[in-house]
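A quick write-up on the structure given underneath.
The values are calculated or read from the model by the stated rules, or taken from the named source; none is laboratory data. Predicted, not measured: the structure shown is a model, and the values here were computed from it. Positions of Cβ are backbone-derived with ideal geometry, glycine not excepted, and every protein chain shown enters the neighbour counts. The protein model used for the area step is the full one, side chains on, heavy atoms only, and it has no ligands, DNA or RNA in it. Shrake-Rupley method; radii C 1.70, N 1.55, O 1.52, S 1.80 Å.
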Amino acid sequence: MTSLQEILNFNEFFVAHKQYEPYITTKYPDKRIVILTCMDTRLVELLPKAMNFRNGDVKIVKSAGAIVNHPFGGIMRSLLVGVHALQADEVYVIGHYDCGMSAVDPDQILTSMKERGISQETLDIINYSGVDLREWLRGFGDVTTSVLKSVDLIRQHPLMPKGIPVHGLVIDPNTGRLDLIQDGSEFL
Ligand SMILES: [Zn+2]
């Protein structure tokens, strides 16, 4: 059975047996918080549990490495929607130790792309269009520096209202321990 079929079978059972009932809530975050964190699989359940968040408590935006890599990209837009349309009034950027994004080698990814059928011509066209693919794919060396960079970008964004604290933290992906890197309320 394919994983898609497995998922659809399970889903039918889930809905039929009303297993969704404990999760019913509204689209507004009860704790008025929007979180930017990494897509790492170890954080899927651990992060909300370690912070005592239940379904409906917070908005969670995820990107590889918890990085905002463009001030007008999709990640930043999601954070702004959280604040302006969905009643969040606090932002948390939560990186983690042992992040896959800290070891990303742009050359390895480009090689993989070519091995999987993406032509050199396509890569050249993208590069000639003003996108430095190597730079775009690059990860970060140090998670603390990377979190601070994202925190700064969000706090100083021209569309982010003043008075919204932007906190920076790093989580241990095994124990869930949080290290505070920057308390955003110090900048209010
Ligand atoms: Zn990560």
Output the number of residues of the range 20-46 satisfying the condition of being of a type in the set (S, T, N, Q), surrounded by 12 or more Cβ atoms within 10 Å (Cβ to Cβ) and at pLDDT 95 or above. 1
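Being open to solvent by 100 Å² or more (accessible area, probe 1.4 Å) and at pLDDT 95 or above is the filter here, so list the residues in the range 1-12 that pass it.
Of everything in the range 1-12, those that are open to solvent by 100 Å² or more (accessible area, probe 1.4 Å) and at pLDDT 95 or above turn out to be Leu4, Glu6, Ile7, Phe10, Glu12.
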Subset of the range 75-102 [more than 16 Å from the ligand (Cβ to nearest atom) and open to solvent by 40 Å² or more (accessible area, probe 1.4 Å)]: Arg77, Ser78, Val81, His84, Ala85, Gln87, Asp89, Glu90
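Only one of Pro22, Pro29, Pro48 is free of Cβ contacts under 8 Å to residues at least 40 places away in the same chain and under 22 Å from Leu79 (Cβ atoms). Can you tell me which?
Details: Pro22 fails: under 22 Å from Leu79 (Cβ atoms); Pro29 fails: free of Cβ contacts under 8 Å to residues at least 40 places away in the same chain.
So the residue among Pro22, Pro29, Pro48 that is free of Cβ contacts under 8 Å to residues at least 40 places away in the same chain and under 22 Å from Leu79 (Cβ atoms) is Pro48.
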Checking Ile67 against (1) in contact with a Pro (Cβ under 6 Å, 6 or more places away or on another chain); (2) touching a residue at least 40 places away in the same chain (Cβ under 8 Å); (3) of a type outside the set (D, E, K, R), only one condition comes out false. Which one? (1)
So, of the residues in the range 32-43 that are touching a residue at least 24 places away in the same chain (Cβ under 8 Å) and assigned to a loop (DSSP other than H, G, I, E, B), which turns out to be nearest to the ligand (Cβ to nearest atom)? Asp40
Can you find a residue that is exposed (fewer than 15 other Cβ atoms within 10 Å of the Cβ), at pLDDT 95 or above and either within 25 Å of Leu137 (Cβ to Cβ) or within 16 Å of the ligand (Cβ to nearest atom) (or both) anywhere in the range 51-71? no
